[in-house]
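First the structure, in the form of structure tokens, and then the observations on it.
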Amino acid sequence: DLRKVPETIECFDISNLQGRETVASLVFFRGGRPLKSRYRRFRIRTVRGGDDFASMREVLTRYYRRLLDKKRAPADLVVVDGGAGQLSAAREALAALGLHEVELVGLAKREEVIHRERGLPPVRLPRSSPALHLLQRIRDEAHRFAITYHRLLRSRAVTDSALDRIPGIGRVKKLSLLHHFDSLDAIRAAGAEELGAVRGLHRGDVERIIAFFALEQEHHR
């Protein structure tokens with residue numbers, strides 16, 4: 001039903017953890033290949049309680065408003081990860097921006113059916129269909145990108161909360177630690193010499209960090 005074979009495809013996915021810290025991802029494919037320079041990640045700002053439909057409206061509104069401001073055209077096809085509800089929310093966002101001609105479909109997980117607009121029934125392509133495989137690949141990439149972002153934010157939150165509890169370690173020193181080490185576990189495992197190599201840390205800071213994590217370890221025994 002598409003007016004032309006889509007050269008460019010954008011796909012959106014919403015991810016939330018028990019309704020908290022909802023994020024969204026956008027992946028962009030051209031000629032069947034990912035174009036990672038066009039990938040985008042979003043933290044949902046206006047929605048509380050894990051409402052995927054409202055989150056979908058927010059992220060499409062933000063992204064396509066920015067695209068219009070830059071006078072750039074949407075992709076030939078926009079895919080949303082989900083069924084009729086997500087598809088309807090996406091269309092509302094696009095219509096509010098005057099983007100009535102954008103081709104839009106939803107690809108639901110598990111059922112693997114393609115949801116369409118204009119009252120058309122869902123399409124179930126053969127499992128061997130190259131078109132289905134491409135859409136699944138794009139949908140799964142959007143989901144992976146969203147989950148990766150979610151994990152990153154959760155990891156940062158855990159790291160920040162731990163470092164915030166160390167006396168004398170303010171924002172600048174915390175950022176130096178995070179820049180120097182890959183993770184909170186790496187900071188925990190570091191010895192005095194490694195910590196002493198962190199820019200801006202003094203001997204007293206090093207001693208407090210080591211003492212903090214030693215005490216933490218005692219509490220978890």
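We did not get these values from a lab; they are worked out from the coordinates using the rules stated. This one's a predicted model, so the numbers in the text were calculated from it and none came from an experiment. Cβ placement follows ideal geometry from the backbone for every residue including glycine, while neighbour counts extend to all protein chains displayed.
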Query raised in the report: Of the beta bridges DSSP finds with both residues in the chain, what % are antiparallel, to the nearest 5?
Result: 65
Query - Net charge of neighbours whose Cβ lies under 14 Å from the Cβ of Arg139, counting Lys and Arg as +1 and Asp and Glu as -1 - result: -3
Query raised in the report: In whole percent, what relative contact order does the chain give with Cα contacts below 8 Å and a gap of six or more residues?
Result: 17
Report summary line: Cβ density ranking, 10 Å radius, fewest first, applied to Ile166, Ile210 yields Ile210, Ile166
Requested in this report: Would you please put 174-184, 125-135 in order of how densely packed they are, using the mean number of other Cβ atoms within 10 angstrom per residue and starting with the highest?
Outcome: 174-184, 125-135
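How much length would be gained if the chain were fully extended between Asp185 and Asp69, taking 0.36 nm per residue of separation minus their Cα-Cα distance, in nm to one decimal?
Residue separation times 0.36 nm, minus the Cα-Cα distance, leaves 37.5 nm.
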Report summary line: One quarter of the C-alpha convex hull surface, i.e. the mean projected area of region 46-116 in nm², amounts to 4.9
Query raised in the report: What percent antiparallel are the DSSP beta bridges of region 13-105, to the nearest 5?
Result: 75
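Region 95-152: which GluC sites (Glu not before Pro) are DSSP loop and have at most 15 other beta-carbon atoms within 10 angstrom?
Numbers: sites: Glu101, Glu103, Glu111, Glu112, Glu117, Glu141; in loops: Glu101, Glu111, Glu112, Glu117.
When the GluC sites (Glu not before Pro) of region 95-152 are filtered for loop state and at most 15 Cβ neighbours within 10 Å, Glu101, Glu111, Glu112, Glu117 remain.
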Query raised in the report: What does the charge dipole of region 160-221 about its Cα centre add up to, to the nearest 20 debye, if the Cβ of each Lys and Arg holds +1 and the Cβ of each Asp and Glu holds -1?
Result: 220
Report summary line: By the Cα gyration tensor axes a ≥ b ≥ c (a/c under 1.5 gives rounded; else a/b larger than b/c gives prolate, otherwise oblate), the shape of region 165-219 is rounded
Query - Helix-only mean residue ellipticity at 222 nm for the chain, each DSSP H run of n ≥ 4 adding -39500 (n - 2.57), per residue, nearest 500 - result: -15500 deg cm²/dmol
